[in-house]
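These notes concern the structure reproduced below.
The values are calculated or read from the model by the stated rules, or taken from the named source; none is laboratory data. Nothing here was measured: the structure is a model prediction, and the numbers come from that model. Please note: Cβ atoms are built from the backbone with ideal geometry, for glycine as well, and neighbour counts cover all protein chains shown. All accessible areas refer to the heavy atoms of the entire protein, side chains included, with ligands and DNA or RNA removed. Shrake-Rupley method; radii C 1.70, N 1.55, O 1.52, S 1.80 Å.
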Amino acid sequence: MTKRRVVVTGLGMVSPLGNDVETTWKNIVDGKSGVGELTRLNQEDFPAKAVAELKDFNIEDYIERKEARKMDRFTQYAIVASREAVKDSSLDIASNAERVGVWIGSGIGGMETFEKQFETFQKRGYKRVSPFFVPMMIPDMAAGQVSIDLGAKGMNSCTVTACASGTNSIGDAFKVIQRGDADAMITGGSEAPISQMAMAGFVANTALTLNDDVTKASRPFDKNRDGFVMGEGAGVLVLEELEHALARGAKIYAEITGYGSTGDAYHITAPAPGGEGGVRAMRQSLEDAGVKPEEIGYINAHGTSTPYNDKYETMAIKEVFGEHAYKLAVSSTKSMTGHLLGAAGGVEAIFTVLALKNSILPPTINLEEADPECDLDYVPNEARKQEIQAAVSNSLGFGGHNATIVFKSYQ
């Protein structure tokens, strides 16, 4: 069976570096940090002070107060990013609603809602718990509410694979279009994890950085990295079947050509030694794309700024690409955005697409003293003008999830 070609026609985002794609991308290219001190919670409750919160974001600028109160933050973020992506694509959903789907992932879902409603239950009893509690909390509600908001009646789903959720969702949505089950998909990831229990849990398992210099706390591949910075936001793309996009004269950012997804079968939080699962995911994606390793010019790495991830992802890249690993560029935009967990794959897919479209490779900032075991070209500290024809975005998640997608310049 002939595979249908799939292209990217719309982009939408809210991130610690901006409340739209244009602002965020400008700050990425400028190498700015979106990381600051924790303001939403009591700093004294946690040893980790660095977080990447949204800035100057008021949901009532986008959604009526009455409706917004029925949604957790992660759903609000997904709606704002999805509206931007669909507007950017000029896609007329109403004329083809049953062939337009939504697939938006979230790693945690409504953690903040759960905390607030549990506190209400403890203090005031079950009768005072919101009737919207369950639909606000469950991770699929970003996809569900986006579908309702935009009128998209096609396949509606949500992938929950921890920090790989966004990338898995995009890959899964890509396959839906490729096999002919939809003409367009609104897809990506959304997360709002800056809550008391999420912070406490990640501190307890020693995943978060304790660096007091917050703007330099996220330092992927640096010798002195000591953990990731929690971030929040959403990244959403409109994927579309090529002929459908051409027929309506849509602008095309890039073509998505490959998807790989594997499991480590090793440990609930630690990656498999040598990044073995990531090796298989990257190889799967390249084979699916029909792309040779030497054709890849850029990798947007998972690059969390944790000791094991950065080391093992580097090893995995060298295993897959051989000598070419030292010729391609690898960068971690988490150095600027922090780690958006289930939304990371969505925002990083957008950065990868824009790197291809604009011939600009995002930097890895705060890379001051390279780890000897991390010896690739990480585009240190400054963006680079460089034309590339194909690029990869990696995401890895607790539970041993590995996901990779391949984008190519549209020809």
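Among the listed residues R225, R280, identify the single one that is modelled with pLDDT of 95 or more, outside any helix (DSSP H, G or I) and surrounded by 18 or more Cβ atoms within 10 Å (Cβ to Cβ).
From the options R225, R280, the qualifying one is R225.
Against the condition under 22 Å from H401 (Cβ atoms) and in a strand (DSSP E or B), how does G235 come out, does it pass?
On the way: under 22 Å from H401 (Cβ atoms): yes; in a strand (DSSP E or B): yes.
When the stated conditions are applied, G235 passes them.
Does segment 292-314 contain at least one residue that is modelled with pLDDT of 95 or more, open to solvent by 10 Å² or more (accessible area, probe 1.4 Å) and at positive phi?
The answer is no; no qualifying residue exists.
Within segment 355-376, track down each residue that is over 22 Å from the mean Cα position of the chain (by Cα) and open to solvent by 30 Å² or more (accessible area, probe 1.4 Å). Walk me through it before giving the result.
Residues of segment 355-376 that are over 22 Å from the mean Cα position of the chain (by Cα), as a first pass: 368-376.
Once the filter is applied, which keeps residues that are over 22 Å from the mean Cα position of the chain (by Cα) and open to solvent by 30 Å² or more (accessible area, probe 1.4 Å), segment 355-376 yields E368, E369, A370, P372, E373, D375.
Can you name the residue in segment 196-214 that is assigned to a loop (DSSP other than H, G, I, E, B) and of a type outside the set (S, T, N, Q) and is also most open to solvent (accessible area, probe 1.4 Å) among such residues? Don't jump to the end; show me each part of the working.
Let us first name the residues in segment 196-214 that are assigned to a loop (DSSP other than H, G, I, E, B), namely 205-207, 209-213.
Applying the additional criterion that residues be of a type outside the set (S, T, N, Q) yields 207, 210, 212-213.
Details: A207: 14, L210: 91, D212: 125, D213: 73 Å².
Looking at residues that are assigned to a loop (DSSP other than H, G, I, E, B) and of a type outside the set (S, T, N, Q), I get D212.
With respect to the numbered conditions (1) open to solvent by 20 Å² or more (accessible area, probe 1.4 Å); (2) within 21 Å of the chain's Cα centre (by Cα), which one is the sole condition not fulfilled by R219?
Tallying (1) open to solvent by 20 Å² or more (accessible area, probe 1.4 Å); (2) within 21 Å of the chain's Cα centre (by Cα), R219 fails exactly one: (1).
Restricting the search to segment 246-277, which residues are open to solvent by 30 Å² or more (accessible area, probe 1.4 Å) and farther than 19 Å from S395 by Cα?
L246, A247, R248, G249, K251, Y253
Tell me which of these S332 doesn't satisfy, since it passes every other one: (1) open to solvent by 30 Å² or more (accessible area, probe 1.4 Å); (2) touching a strand residue (DSSP E or B) at 6+ places or on another chain (Cβ under 8 Å); (3) farther than 22 Å from F174 by Cβ.
(1)
I'm trying to understand the selection: among the residues of segment 295-312, which are more than 16 Å from the chain's Cα centre (by Cα) and within 14 Å of K334 (Cα to Cα)?
As a first pass, look at segment 295-312 and keep what is more than 16 Å from the chain's Cα centre (by Cα): 295-298, 306-312.
Answer for segment 295-312, where residues must be more than 16 Å from the chain's Cα centre (by Cα) and within 14 Å of K334 (Cα to Cα): T306, N309, D310.
Checking E287 against (1) open to solvent by 40 Å² or more (accessible area, probe 1.4 Å); (2) more than 28 Å from M155 (Cβ to Cβ); (3) in contact (Cβ under 8 Å) with a residue 24 or more places away in the chain: exactly one of these is not met. Which one?
All conditions pass for E287, except number (2).
For every residue, the table says whether it meets (1) of a type in the set (A, V, I, L, M, F, W, C); (2) over 26 Å from the mean Cα position of the chain (by Cα).
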{"site": "A85", "(1), (2)": "yes, no"}
{"site": "R99", "(1), (2)": "no, no"}
{"site": "W103", "(1), (2)": "yes, no"}
{"site": "F121", "(1), (2)": "yes, yes"}
{"site": "F132", "(1), (2)": "yes, yes"}
{"site": "M136", "(1), (2)": "yes, no"}
{"site": "P139", "(1), (2)": "no, no"}
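Of all the helices (runs of 4 or more DSSP H) wholly in segment 294-411, which have at least 1 residues that are more than 27 Å from A85 (Cα to Cα)?
On the way: elements: 307-321, 334-337, 344-358.
The qualifying helices (runs of 4 or more DSSP H) are 307-321.
Determine, yes or no, whether K311 is basic (K, R) and more than 19 Å from H401 (Cβ to Cβ). Write out each step before concluding.
Values: basic (K, R): yes; more than 19 Å from H401 (Cβ to Cβ): no.
It is false that K311 is basic (K, R) and more than 19 Å from H401 (Cβ to Cβ).
Can you run down the residue pairs with Cβ atoms below 6 Å, 6 or more apart or on separate chains, where the first is in segment 370-391 and over 17 Å from D30 (Cβ atoms) and in contact (Cβ under 8 Å) with a residue 60 or more places away in the chain and the partner is crowded, with 20+ Cβ neighbours inside 10 Å and acidic (D, E)?
C374/D310
Search segment 59-75 for residues that are closer than 18 Å to K116 by Cα and pair each with any residue that is open to solvent by 80 Å² or more (accessible area, probe 1.4 Å) when their beta-carbon atoms are under 9 Å apart and the residues are at least 6 apart or on different chains.
A68/E60; A68/Y62; R69/F132; K70/F132; M71/F132; D72/F114
So which pairs qualify, if the first residue must be in segment 216-238 and closer than 15 Å to P372 by Cα, the second must be among the aromatic types (F, W, Y) and outside any loop (DSSP other than H, G, I, E, B), the Cβ gap must be under 9 Å, and the two must be at least 6 apart or on different chains?
Cβ pairs passing all conditions: P220/F228.
Which one of these is of a type in the set (A, V, I, L, M, F, W, C) and free of Cβ contacts under 8 Å to residues at least 12 places away in the same chain: L242, L246? Before the answer, list the steps.
On the way: L242 fails: free of Cβ contacts under 8 Å to residues at least 12 places away in the same chain.
Going through L242, L246 in turn, just one is of a type in the set (A, V, I, L, M, F, W, C) and free of Cβ contacts under 8 Å to residues at least 12 places away in the same chain: L246.
Give just the number: which of (1) open to solvent by less than 10 Å² (accessible area, probe 1.4 Å); (2) closer than 30 Å to M141 by Cα does H401 not satisfy?
Just one mismatch for H401, condition (1).
Report those helices (runs of 4 or more DSSP H) wholly inside segment 116-195 carrying at least 2 residues which are over 23 Å from G12 (Cβ atoms).
Working: elements: 133-137, 141-150, 165-178.
Answer list for segment 116-195: 133-137.
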